Amino acid sequence: MPERHAIDRRALMASLSALGATVLLPKPGAAAGLVPTPGQTEGPFYPTSFPADVDNDLVLVRGAATRALGTVAHIHGRILDRAGRPVPGAIVEIWQCDAQGRYRHPRAPDHERFDGGFQGYGRMSVDSGGVYRFRTIKPVPYPGRTPHIHYAVIVPGAGRFVTQMYVEGEPLNERDGLLNGIRDPRARRSVIVPLAAANDVEAGAVQGTFDIVLDL
Ligand SMILES: [Fe+2]
């Protein structure tokens, strides 16, 4: 199912301020520094309920008989401010579809057949260097979308930032409306991550680095 198009920043800010929320979005003309990671829509499949197991290993679900289907991907990165300093206390959440393109979500197509060996969602707090890491699966396409992993970063007292990570070399990247809705080429490139073989980390796995720069 295609997700909604890129959010209208002003409308989003207005609706969030009505809710009393703070949001971290790139400000036009902000001071020079690192390029802030572009925000992306949350999409329709953020969990409505969380699995019992929400740790940063999405390939293993506590109590499940089998591990997740798909190619294992080790994704890590840092949560930084525009000056390149780690953001202490940040909480990173990811969610994505299983190896068959199904989300663990009651309104997602075919969700009844979601891979019970895949956690679908995970979260962790960054360490003192702003580093997060997840063991998950390499994202796959589903109708209307190129492969992606959804991210939310919560900075206590400062707000919540939502984006998506894409995979370099995926042919559908050229046609994905949300990815190409990021008009600034540098900003668009910043959410496209090369995944390289990582047999030294885990046989058959791939790994990639996705740093997120918040407009702080
Ligand atoms: Fe999605």
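Only the coordinates and a few stated rules stand behind these numbers; no lab work does. Small disclaimer: the values here were computed from a predicted structure and weren't measured. Note that we place each Cβ from the backbone using ideal geometry, even for glycine, and neighbour counts take in every protein chain shown.
With n ≥ 4 as the cut-off for DSSP H runs, can you work out [θ] at 222 nm for the chain, using -39500 (n - 2.57) per run divided by the number of residues, rounded to the nearest 500?
-2000 deg cm²/dmol
Apply the Karplus curve 6.51 cos²θ - 1.76 cosθ + 1.60, θ = phi - 60°, to the phi angles in the stretch 46-61 and return the couplings in whole Hz, x for Gly and Pro.
4, x, 8, 8, 9, x, 4, 9, 10, 6, 8, 10, 8, 7, 10, 10
Starting with the fewest neighbours, write out 190, 128 ranked by other beta-carbon atoms found within 10 Å of each beta-carbon.
Ranked by crowding around the Cβ, least crowded first: 128, 190.
If Lys and Arg each add +1 and Asp and Glu each add -1, what is the summed charge of the other residues whose beta carbon sits under 11 Å from the beta carbon of residue 161?
That works out to -2.
Determine the distance separating the Cα centre of the stretch 145-160 from the Cα centre of the stretch 26-103; give it in Å without decimals.
Each part reduced to its Cα centre gives a spacing of 6 Å.
Just the number, please: percent antiparallel of the DSSP beta bridges in the chain, rounded to the nearest 5.
75
Report, to the nearest 10°, how far helix 9-18 tilts away from the longest principal axis of the Cα atoms in the chain, using its own Cα long axis and a range of 0 to 90°.
Tilt relative to the chain: about 90 degrees.
Per 0.36 nm of contour for each residue apart, how much would the distance between residue 48 and residue 133 grow if the chain were fully extended, relative to their Cα-Cα spacing?
Difference between extended and current length: 28.3 nm.
Can you give me the long-range amide H partners of residue 192? Hydrogens built in the peptide plane at 1.01 Å from N, cutoff under 5 Å, separation of 5 or more residues or another chain.
166
Can you give the local net charge around residue 57? Use residues other than it whose beta-carbon is closer than 13 angstrom to its beta-carbon, Lys and Arg +1, Asp and Glu -1.
With Lys, Arg at +1 and Asp, Glu at -1, the neighbours total +2.
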